[in-house]
């Protein structure tokens, strides 16, 4: 039994075309939209004890987690679709999050904007991509062991605009719009990866993203943990409360 308030919600998504489920953890605080790992589900954060690891922040009303479902197996993980079709289906998911789920979070939390996006592994990709695409919704991101170049999913297929527009290292490199750049520069960006087992791809992608952010003068906390820090839940259970504590100490949450 978790020592925090837990709610289950399900509602039909016109953008996705079916019912979508979520879980809410906590009673107050900054809304945190939690994206699952590759092909994961909305209950993953609880099952892998991430909620338990962050329970003190939830109990004190510092943050409230909104753990969403994914449709990864219909988007980037669907090898039977063309890259453009995968990206188009991802855009349906983008519409679900921004046009349907975010209004639910606003109503439920009483908070209008300034959400935090987070996730591990592919959830790290989603959290960074949603933060950079929608800085009017998200003002903070904690991306753990993420992937930030869509080529990882579709190969050299950036001739499709839909793919390009979901590849953070590419659209950020081409970003000249000050409306976006100023919001990035005023946001709180945490990008972290370990350097242990199964982190090779994340290390490479984190370095690519770090380089682009530096070129655009976008402040970010890019953190490389030790060579014993693996791409796995036990370390993410250490990292997430660590970064929440630092944001709380800074008065950012």
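Bear in mind that the values in this text are calculations on the coordinates, not laboratory data. Given the structure is predicted, the values throughout are model-derived calculations rather than measurements. Cβ coordinates were reconstructed from backbone atoms using ideal geometry, including for glycine residues, and neighbour counts include every protein chain displayed.
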Relative contact order computed over the range 143-253 (Cα-Cα under 8 Å; 6+ residues apart), in percent:
29
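Can you sort 47, 149, 139 from fewest to most other Cβ atoms within 10 Å of each residue's own Cβ? Kindly include the intermediate steps, with their values, before the conclusion.
Working: 47 11, 149 17, 139 20.
Least to most surrounded, the residues fall as 47, 149, 139.
If R₀ is 41 angstrom, what is the calculated FRET efficiency for the pair residue 228 and residue 12, using the beta carbon separation as r and rounding to 0.05? Can you show the working numbers first?
Working: r = 45 Å, r/R0 = 1.10.
Working from the Cβ atoms, E equals 0.35.
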Of all beta bridges DSSP finds with both residues in the chain, what is the antiparallel percent, to the nearest 5?
35
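For 118, 193, 206, 75, what's the fewest-to-most ordering of other Cβ within 10 Å of each Cβ?
In increasing order of surrounding Cβ atoms, one gets 75, 206, 193, 118.
Over the range 6-249, what is the mean sequence separation of C-alpha contacts under 8 Å (at least six apart), divided by residue count, expressed as relative contact order in percent? Walk me through the numbers on the way to the answer.
Details: 473 pairs, mean separation 41.1, N = 244.
Averaging sequence separation for qualifying contacts and normalising by length gives 17 percent for the range 6-249.
What does the helix-only formula give at 222 nm for the chain: each DSSP H stretch with n ≥ 4 adding -39500 (n - 2.57), the total divided by the residues, and the result rounded to the nearest 500 deg cm²/dmol?
On the way: 12 runs with 102 residues, N = 253.
-11000 deg cm²/dmol, from helical runs alone.
Shape call for the range 6-249 from the C-alpha gyration tensor, a ≥ b ≥ c root eigenvalues: rounded (a/c under 1.5), prolate (a/b greater than b/c) or oblate? Could the numbers behind the result be given before it?
Details: a/c = 1.30, a/b = 1.10, b/c = 1.18.
Since a/c stays below 1.5, the shape of the range 6-249 is classed as rounded.
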Applying the gyration tensor rule to the Cα atoms of the range 140-253 (axes a ≥ b ≥ c; rounded if a/c under 1.5, else prolate if a/b exceeds b/c, else oblate), the class is oblate
Just to confirm my numbers, what's the Cα centroid distance between the range 53-120 and the range 195-253 in Å?
20
Here FRET efficiency (C-beta to C-beta, residue 41 to residue 176, R₀ 30 Å, nearest 0.05) is 0.20
For residue 161, project a label point 7 Å along Cα to C-beta. Then give me every residue of the range 65-100 with its amide nitrogen under 14 Å of that point.
88
Using the Cα atoms as the points, what is the convex hull volume per residue of the range 1-65 in Å³?
91
Exposure proxy order (Cβ contacts within 10 Å, fewest to most) of 211, 23:
211, 23
Classify the range 126-203 as rounded, prolate or oblate, taking a ≥ b ≥ c as the square roots of the eigenvalues of its Cα gyration tensor: rounded when a/c is under 1.5, otherwise prolate if a/b is larger than b/c and oblate if not.
oblate
Rounded to the nearest 5, the percent of DSSP beta bridges in the range 1-73 running antiparallel is 70
Residue 197 to residue 49: FRET efficiency via 1/(1 + (r/R0)^6), r the Cβ-Cβ distance, R0 22 Å, to the nearest 0.05?
0.65
